[in-house]
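What follows is calculated from the coordinates using simple rules that are stated; it is not laboratory data. Here the structure is a predicted model, which is why all the values come from computation and not from measurement. We place every Cβ from the backbone using ideal geometry, glycine too, and count neighbours over all the protein chains shown.
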Amino acid sequence: MERTIRDSLLEALEDLEEQKFKEFKFKLDDIPVKDDCRNIPRGRLEQADRLDLTNMLISFYGQDYAMEVTIAVLEAINRKDLAFRLRRLSLTASRPSESSRSWRWKASWACSMEKS
């Protein structure tokens, strides 16, 4: 089975120690996101475990932008090793089996829908 972006995000979050995972969620709430997106609400972040957070990242930002945001937050909490590994994995992670145009549209749609 091929590794997906979801798998790669979850693996990176699972590699964070508990304190760094808390820092990740704290920074995720503060990181600037692109104009058609908004940050995941703090209340949802506080209780999220690693699997919940992976799903939230993808539902709020779409797969590709979730990867970008995760890498930026990992760098901000000084886990550049995980950011580097995630960046490298993102080059080989499989996308949904739908056409490229379709999943890109859904990625941009994820941010604009969360704003409403």
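Brief remarks on what is shown
- Residue 21 buried (at least 18 other Cβ atoms within 10 Å of the Cβ), farther than 21 Å from residue 64 by Cβ and not charged (D, E, K, R): yes
- Per-region count, region 28-47, residues within 16 Å of residue 67 (Cβ to Cβ) and of a type in the set (D, E, K, R): 1
- Within region 31-50, if we keep just the residues that are of a type outside the set (Val, Ile, Thr) and under 16 Å from residue 76 (Cβ atoms), the residue that is surrounded by the most Cβ atoms within 10 Å (Cβ to Cβ) turns out to be 45.
- Counting only residues that are in contact with a helix residue (DSSP H, G or I) (Cβ under 7 Å, 6 or more places away or on another chain) and free of Cβ contacts under 8 Å to residues at least 24 places away in the same chain, region 8-45 holds 6 of them.
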